[in-house]
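The values are calculated or read from the model by the stated rules, or taken from the named source; none is laboratory data. Computed from a prediction, not measured in an experiment: that's the story for all the values here. Ideal geometry is used to build each Cβ from the backbone, glycine not excepted, and the neighbour counts take in all protein chains shown.
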Amino acid sequence: MPKVVDHEQRREDLVRVVWEIISRDGIEGATVRKVAEAAGVSVGGLRHYFDNQRGLLSFAAQAVARSVAKRITGHLVADLPGMQRAQLILEELLPLDDNRRVEVDVWLACLVRSHVDDSLAELRHAGWSGERHICRLAVASCHGLPLPDRLGQEFAEAGLEGQAMRLHVFIDGLTLQTATYPHNFTPPAVRQIVHEELRYLIEVPSGSLRPSCHIE
């Protein structure tokens, strides 16, 4: 009787292997052959998922995006106070535990590579739009407003859009800092930094924060 392969489970197993190799050895160390050896499968067995390093990197980055999106969706459907929801969805972008630390390592590595690898350029642009959307969700949650329901949906009020832009820059900077200098940032300290930024957005009139530029 032929063996039934659970492709979804195999995919999840491969995701973990690919993430760990990129996080440990960097982009250049992540080869199809090394992944096959670590996963205990043949190189040919990986062709269903990727067949070269470009495909491997795209596979890894898309898996990060799916993982983060799934967790954020869980926070959005939960019955939470607005500030708590905003805090939790922003925390999903930060390296606050081993799992999210590996995700951030992989994502940053792929972003850097995307500047010299056109096959990852679309992923870079999609990532930017996705992060801006998450920041708009956080701003709307803080102010008790209806949540944007699609990527690219801007706030009608320029001041609120300015808050989303500021929050986006803030989260990107905090992510880079905590990933690069982990010993300088404990998870409780990072959570407090995010909390203080969200409090600032609530207390400062939205009209005082307006976007100074428009980026696609």
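Taken together, the residues in region 1-35 that are over 23 Å from L108 (Cβ atoms) and either modelled with pLDDT of 85 or more or exposed (fewer than 11 other Cβ atoms within 10 Å of the Cβ) (or both) amount to 10. Among the residues making up region 76-124, those that are over 27 Å from T186 (Cα atoms) and small (G, A, S) are S114, S119, A121. Pairs are defined by a Cβ separation below 7 Å, a sequence spacing of at least 6 or placement on different chains, a first member in region 115-132 that is within 17 Å of G152 (Cβ to Cβ), and a second member that is polar (S, T, N, Q); the pairs so defined are L123/S58; L123/S114; R124/S114.
Can you confirm whether region 190-203 contains a residue that is touching a Leu at 6+ places or on another chain (Cβ under 9 Å), at pLDDT 85 or above, closer than 12 Å to L96 by Cα and not in a helix (DSSP H, G or I)? For region 190-203, residues touching a Leu at 6+ places or on another chain (Cβ under 9 Å), at pLDDT 85 or above, closer than 12 Å to L96 by Cα and not in a helix (DSSP H, G or I): absent. Suppose the filter is assigned to a helix (DSSP H, G or I), within 12 Å of the chain's Cα centre (by Cα) and over 13 Å from D172 (Cα atoms); does E131 pass it? Spelling it out, it is not the case that E131 is assigned to a helix (DSSP H, G or I), within 12 Å of the chain's Cα centre (by Cα) and over 13 Å from D172 (Cα atoms). Of all residues being charged (D, E, K, R) and surrounded by fewer than 20 Cβ atoms within 10 Å (Cβ to Cβ) in region 134-160, which is farthest from D97 (Cα to Cα)? Just the residue, please. Per the criteria, the residue is E157. Can you find even one residue in region 116-128 that is surrounded by fewer than 18 Cβ atoms within 10 Å (Cβ to Cβ), closer than 19 Å to Q87 by Cβ and either of a type in the set (V, I, T) or modelled with pLDDT under 90 (or both)? Taking every residue of region 116-128 in turn, none turns out to be surrounded by fewer than 18 Cβ atoms within 10 Å (Cβ to Cβ), closer than 19 Å to Q87 by Cβ and either of a type in the set (V, I, T) or modelled with pLDDT under 90 (or both). Within the set E154, E161, E122, the sole residue that is among the acidic types (D, E) and not in a helix (DSSP H, G or I) turns out to be E154.
Taken over region 37-61, the residue count meeting the criterion of being closer than 14 Å to C110 by Cβ and touching a helix residue (DSSP H, G or I) at 6+ places or on another chain (Cβ under 7 Å) is 9. The residues of region 65-119 that are touching a Pro at 6+ places or on another chain (Cβ under 7 Å) and either hydrophobic (A, V, I, L, M, F, W, C) or within 17 Å of L198 (Cβ to Cβ) (or both), listed by number, are L96, V104.
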